[in-house]
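Structure first, then comments.
The values are calculated or read from the model by the stated rules, or taken from the named source; none is laboratory data. As the structure is a computational prediction, the values presented were derived from the model and not from experiment. In this analysis, Cβ positions are derived from the backbone assuming ideal geometry, glycine residues included, and neighbour counts consider all displayed protein chains. What goes into the accessible areas is simple: the full protein's heavy atoms, side chains included, and nothing from ligands, DNA or RNA. Shrake-Rupley method; radii C 1.70, N 1.55, O 1.52, S 1.80 Å.
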Amino acid sequence: MAKKKRPMPGKAIAQNRRGRRDYSIIETFEAGIILTGTEVKALRGGRASINETFADDKNDELWLYNLHIPVYENAGKHLNHSPIRPRKLLLHRRQLSHLHGSIKRKGMTLIPLSLYFNDRGIVKIQLALGQGKRMVDKREDIKRRDWQRDKARLMRNKGIQ
């Protein structure tokens, strides 16, 4: 019997590069998503966009909004999914209650960082609890990153001589 070919574990389907730049990350969580069959097939093709995606609570559950999973072409029209629809997130009860309390605080939001298949071939999303950065904070991060790079360069050059 042939073994099923699964995608590389940990390989990101989609990443939100602006998430770490625009938000100060406080905590990260791994959550499951309730998907239909055609959505999983489209994700196995490596096509998804989480740039405008956010998570919010509704009726004591977490929902993911604006996750764009394109239509799977090989499925019939009546079997296909809607590309942008709210999708329910699966978390442990304690994590869920912790996130509900954190979101209620001023300035806190849940942003997705990456969408990937885990080692068992199940779609997971990495969520981050973050607080929005102001322009001043972004400039400080750039300065700190530049200084770390210059410091490493100086130490490397000093060690050579």
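Points to keep in mind about this one:
- Mean sequence separation of contacting Cα pairs (under 8 Å, at least six apart), scaled by the length of the range 9-161, corresponds to a relative contact order of 33 percent.
- Computed on the range 10-90, the Cα convex hull volume stands at 108 Å³ per residue.
- Taking other residues whose beta carbon is less than 14 angstrom from the beta carbon of ASP60, and scoring Lys, Arg as +1 and Asp, Glu as -1, yields +2.
- Among the trypsin sites (Lys or Arg not before Pro) within the range 118-160, those in coil by DSSP and having at most 16 neighbouring Cβ atoms inside 10 Å are ARG120, LYS133, ARG134.
- Sites counted here are GluC sites (Glu not before Pro) in a DSSP loop (not H, G, I, E or B) having no more than 15 other Cβ atoms within 10 Å; the longest part of the chain that contains none of them is 74-161.
- Translational diffusion of the range 108-161, µm² s⁻¹ [Kirkwood Rh, Cα pairs; Stokes-Einstein; 25 °C; 0.890 mPa s]: 167
- Each listed q (0.24, 0.26, 0.27 Å⁻¹) maps to a log10 I(q)/I(0) for the range 59-105 from the Debye sum over equal C-alpha point scatterers, namely -0.87, -0.95, -0.98.
- Distant-in-sequence amide contacts of ALA14, defined by a placed amide H-H separation under 5 Å and a gap of 5 or more residues or a different chain, comprise LEU115.
- Computed across the chain, the Kirkwood radius stands at 18.0 Å (inverse of mean 1/r, all Cα pairs).
- Once the 1.4 Å probe is applied to the protein heavy atoms, the chain comes out at 70 Å² accessible per residue.
- On the chain, 51 percent of the accessible area sits on carbon and sulfur atoms, based on a 1.4 Å probe.
- The charge dipole of the range 43-161, taken about its Cα centre with unit charges on the Cβ of Lys, Arg, Asp and Glu (plus for the first two, minus for the last two), comes to roughly 520 debye.
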